[in-house]
Amino acid sequence: MVHNIAGPSCRLKAIGRISKPFFTGLLQVILVAVFLLWLLDTGAEAMNYRWQWYRIPQYLWFFEDGEWFPAELLEGLRVTLQISAVSLLLTLAIGLVTALLRVSGSVIGRGVSWGYVELIRNTPLLVQIYLLYFVFGPVLGLERFTTAVLALSLFQGAYTAEIFRAGLTSIDRGQFEASNSLGLCALDSYRFIILPQVIKRILPPLTNEAVSLVKNSSIVSVMAIFDLTTEGRNIVADTAMPFEVWFTVAGIYLVVTLTLSGLAAWLAYRLDTPSH
């Protein structure tokens, strides 16, 4: 009987722990948005600017032949999500491999990984994109999409590597010794014992990197990729509605990043919940 009472209570507490940061952040965003809208409306009246929000939906979706189709902004969002998803997977792979090299016994591996991290972290992302797009891309025959993914992955991978390295060094040496005593090879040791503990510890900073990657994906618009930012710029050029369009684009990015934060909170809860 005690178990039946405690079970739902624990689940409610867990749901509250997950939803509280999300709704708290959402409330803060709403309050800031209301203040900004009031401020902008006051400024627009002073400039005699007429808001044209009624024109925005046509750039999100349209109805034709009895079906709904995504318009420019949603098509741009699709491209942004594709670039971000592929870049995130490659970022995690690059970050993990680099971190393992940083803590390895190989002098060459540590030197190469250290040089990569220092080079990437101390040069601007925009410069790296220009170098890949205008210099290395034509030489290697890279397409724009591939170049964008590679640039974002290399940039975020350097920061993710330091997060993985911090997680690896936080694991007690006894965990590695216990793995060896069980006769596990290095691959199985990391796969079943070390990395699950590391992921639980570094999930919050990894979430920040994922959010940062989505926001940094807007910079690839300089490569003429028709992502969300590029589509927004094109609409502004055609309609002369900078305020409405850019606030809509910012709102879409906000929805994506808040969704990522919510998924990360749910994943953290699942990792902390023991399986039965």
Elements of type helices (runs of 4 or more DSSP H) in segment 70-170, at least 1 residues being open to solvent by 60 Å² or more (accessible area, probe 1.4 Å), closer than 28 Å to residue 246 by Cα and touching a Phe, Trp or Tyr at 6+ places or on another chain (Cβ under 6 Å): 72-102
Inside segment 139-166, can you point out the residues that are over 18 Å from the mean Cα position of the chain (by Cα), among the small types (Gly, Ala, Ser) and modelled with pLDDT of 90 or more? 166
Mind telling me which of the residues 207, 229 ends up being over 12 Å from the mean Cα position of the chain (by Cα) and either closer than 14 Å to residue 84 by Cα or polar (S, T, N, Q) (or both)? 229
Taking segment 222-276 as the search range and keeping residues that are outside any helix (DSSP H, G or I) and open to solvent by 30 Å² or more (accessible area, probe 1.4 Å), which one is farthest from residue 126 (Cα to Cα)? 276
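Yes/no matrix, rows are residues, columns are (1) at pLDDT 90 or above; (2) within 20 Å of residue 213 (Cβ to Cβ):
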site: 63; (1), (2): no, no
site: 67; (1), (2): no, no
site: 87; (1), (2): yes, yes
site: 95; (1), (2): yes, yes
site: 104; (1), (2): no, no
site: 108; (1), (2): yes, no
Of everything in segment 220-249, what is aliphatic (A, V, I, L, M) and at pLDDT 90 or above? Give them in sequence order. 228, 235, 236, 237, 245, 249
For segment 171-203, how many residues meet the condition of being among the aromatic types (Phe, Trp, Tyr) and either within 18 Å of residue 95 (Cα to Cα) or open to solvent by 60 Å² or more (accessible area, probe 1.4 Å) (or both)? 2
Condition first: more than 16 Å from residue 88 (Cα to Cα), β-branched (Val, Ile, Thr) and in contact with a helix residue (DSSP H, G or I) (Cβ under 9 Å, 6 or more places away or on another chain). Can you find one or more residues in segment 210-226 that meet it? yes
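The values are calculated or read from the model by the stated rules, or taken from the named source; none is laboratory data. These figures come from a predicted structure and were not determined experimentally. Using ideal geometry, Cβ is built from the backbone for each residue, glycine included, and neighbour counts are taken over all protein chains shown. Just so you know, the surface numbers come from the protein's heavy atoms only, side chains and all, with ligands and any DNA or RNA stripped out. Shrake-Rupley method; radii C 1.70, N 1.55, O 1.52, S 1.80 Å.
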